Each structure stands twice: as structure tokens, then as C-alpha cells.
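A.B. asks: I have a structure I would like to understand better, so I am pasting it below and will then ask my questions one at a time.
The values are calculated or read from the model by the stated rules, or taken from the named source; none is laboratory data. All values reported here derive from a predicted model rather than from experimental measurement. Please note: Cβ atoms are built from the backbone with ideal geometry, for glycine as well, and neighbour counts cover all protein chains shown.
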């Protein structure tokens, strides 16, 4: 499995304590969080799962949105899916705001 990093603050904010990886990226003023959850968790079942949070606030559950995407049972493929998702989020963060074009 590729080496992954865990931003514990992000994982905790997202409500996960046992993740393979977690990071957050600011995209045009909104915090986008991503974590890779191990198999066996309620959200992942028997597979790895990518969990996305965008503009979520643990103190305001009515704010933001989240989604879950299965990442399969193979840890290497799951790690690759996580890294690809993180790269896409980072690339989006580099794009100019639509209002500035």
C-alpha cells in the first residue's frame, strides 16, 4: 500500500477515529475533507470507503454535505483511489473561481 498520511484533526472532525488516511483542502473558501475508512466500519461494510465532507460543521449538522464511495477490498487499489480523489480535490482548489474568469 502506498504511504498515506492521516491528519488526525480532520479525521476527528469528520467523526472517524480509525482511518487509513485523512486530509482537508480549502477549495474557494469551503473546507473539503476526505478520508479512507477501513473495512468493518458501519459506513464501509466489508470494503474500504472514501468519505467526503464539504463545508460540514460538526456543531451544525444542517450545514454542508457528505458522500461515501466504496473503494473495494484491495488495500492498494483503495489507497490509489484515495490519492486520485485527493489529487482531484487539490486540482480543483487551484482553479480560479468561476466569478473571476
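A.B. asks: Quick one: residue 26 ticks every box in (1) touching a strand residue (DSSP E or B) at 6+ places or on another chain (Cβ under 6 Å); (2) within 20 Å of residue 90 (Cβ to Cβ); (3) surrounded by fewer than 18 Cβ atoms within 10 Å (Cβ to Cβ) except a single one, so which number is it?
C.D. replies: Exception for residue 26: condition (1).
A.B. asks: Here's something else I'd like to know. Determine whether residue 3 is more than 13 Å from the chain's Cα centre (by Cα) and on the phi < 0 side of the Ramachandran plot.
C.D. replies: yes
Residue-by-condition table, conditions (1) farther than 14 Å from residue 31 by Cα; (2) touching a helix residue (DSSP H, G or I) at 6+ places or on another chain (Cβ under 7 Å); (3) surrounded by 13 or more Cβ atoms within 10 Å (Cβ to Cβ):
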{"residue": "46", "(1), (2), (3)": "yes, no, no"}
{"residue": "70", "(1), (2), (3)": "yes, no, yes"}
{"residue": "77", "(1), (2), (3)": "yes, no, yes"}
{"residue": "83", "(1), (2), (3)": "yes, no, yes"}
{"residue": "88", "(1), (2), (3)": "yes, no, no"}
{"residue": "93", "(1), (2), (3)": "no, no, yes"}
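A quick yes/no check of all residues on (1) crowded, with 16+ Cβ neighbours inside 10 Å; (2) over 15 Å from residue 2 (Cβ atoms); (3) at pLDDT 95 or above:
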site	(1), (2), (3)
18	no, yes, no
21	yes, no, yes
31	yes, yes, no
42	no, yes, no
55	no, yes, no
61	no, yes, no
80	no, no, yes
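A.B. asks: Now, a different point. Report, by residue number, each residue of segment 82-101 that is in a helix (DSSP H, G or I), in contact (Cβ under 8 Å) with a residue 40 or more places away in the chain and more than 19 Å from residue 5 (Cβ to Cβ).
C.D. replies: Residue satisfying the conditions is 92 alone.
A.B. asks: Assess whether residue 99 counts as being surrounded by fewer than 13 Cβ atoms within 10 Å (Cβ to Cβ) and modelled with pLDDT under 90.
C.D. replies: Considered against the rule, which asks whether it is surrounded by fewer than 13 Cβ atoms within 10 Å (Cβ to Cβ) and modelled with pLDDT under 90, residue 99 comes out as yes.
A.B. asks: Hey, another quick one. Would you confirm, using the coordinates I've provided, whether residue 36 is free of Cβ contacts under 8 Å to residues at least 60 places away in the same chain and either under 12 Å from the mean Cα position of the chain (by Cα) or at positive phi (or both)?
C.D. replies: Yes.
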